[in-house]
Amino acid sequence: MGSVTRPGPRVNLAPRVLDAVIEALRGPFRLQLRYGDTDAPERVIEPHGLLLGHRSYLVARQPSRGDTILNFRMDRIHTAEALDESFAFAPGFSLEDYAAQAFGVYQDPAQYGEVIWRFAPEVAVRAAEFRFHPTQALELQDDGSLIVRFHAAGWLEMAWHLYQWGNKVEVVAPEGLRSLVEGYQRSDFDGLP
C-alpha cells in the first residue's frame with residue numbers, strides 16, 4: 001500500500017517545532033514561538049489543535065490579541081517551546097466545528113456564509129460522489145443537474161477546486177465567489193476530478 005502524492009509543492013515541518021507543538025497540545029501548555037519573519041519578536045499562544053494538510057496550521061489563541069481563534073502556518077513557525085504554563089481551552093471549542101467553517105483551511109468571517117454550486121447534468125452523478133464539505137446538502141434537480149449547498153469561507157480555495165470542473169459547475173452563491181471564478185471556466189478539459 002502507498003500514498004497518492006498530491007500535485008504541487010508541499011511544505012516541510014521542522015521536527016523540533018512539531019515536537020514542541022505536540023507537547024503543548026498534550027498539556028495543554030502555552031507555547032512560546034517566533035512566527036513569520038525569522039527576526040520577529042516571540043509571542044505566547046494557547047494551542048487548541050493542529051490541522052494537517054499540504055499546508056499545516058496550528059489553531060490557537062494569542063491572549064495578547066484577545067479571545068479570537070487564529071491559524072498559524074506551521075512552516076512559518078521558526079522556533080517553538082512549550083512553557084510550563086497551563087491554560088483552559090476556549091469554552092465549547094471543537095476543532096471539528098472550527099475546521100468546518102472553512103472549505104479548506106482559510107478562515108475569514110467576512111466570507112463565511114452559504115455556498116451554492118450547480119453541477120451540469122452530465123457531471124451530476126460524478127459530483128454527487130464527492131464530499132465537498134462536512135455540512136453539505138445535495139439536491140438533484142428536475143433537469144438532472146445537482147445543487148450542492150454548505151456554509152463555509154475560503155473563496156480562493158474553492159476557486160482552485162472549482163477550476164478542475166471547467167464549465168461544468170456554476171457558482172450560484174455567494175456573489176463574491178461567483179465574481180472570482182467568472183471567466184475561468186474552461187470547456188476543453190478531458191477529465192473530471
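The values are calculated or read from the model by the stated rules, or taken from the named source; none is laboratory data. Keep in mind that what you see is a predicted model, and the values were worked out from it rather than measured. Because the Cβ atoms are built from the backbone with ideal geometry, glycine has one as well, and the counts that use them run over all protein chains shown.
Of note:
- Selection over segment 45-61 of residues that are over 19 Å from the mean Cα position of the chain (by Cα) and either surrounded by fewer than 18 Cβ atoms within 10 Å (Cβ to Cβ) or more than 25 Å from residue 103 (Cβ to Cβ) (or both) gives a count of 1.
- Residue within segment 35-43 that is surrounded by 12 or more Cβ atoms within 10 Å (Cβ to Cβ) and within 28 Å of residue 161 (Cα to Cα) present: yes
- Residues being of a type in the set (Gly, Ala, Ser) and over 27 Å from residue 109 (Cβ atoms) - total across segment 176-193: 3
- Candidate set: segment 93-143, residues that are hydroxyl-bearing (Ser, Thr, Tyr) and surrounded by fewer than 15 Cβ atoms within 10 Å (Cβ to Cβ); chosen: the one farthest from residue 47 (Cα to Cα): 135
- Residues (within 20 Å of the chain's Cα centre (by Cα) and either closer than 20 Å to residue 100 by Cα or not small (Gly, Ala, Ser) (or both)) located in segment 33-44: 35
- Residue 25 being outside the structural domain of residue 153 (by TED's automatic domain parsing) and assigned to a strand (DSSP E or B): no
- Screening segment 49-66 for residues that are touching a helix residue (DSSP H, G or I) at 6+ places or on another chain (Cβ under 7 Å) and part of a strand (DSSP E or B) and picking the one that is nearest to residue 81 (Cα to Cα) gives 58.
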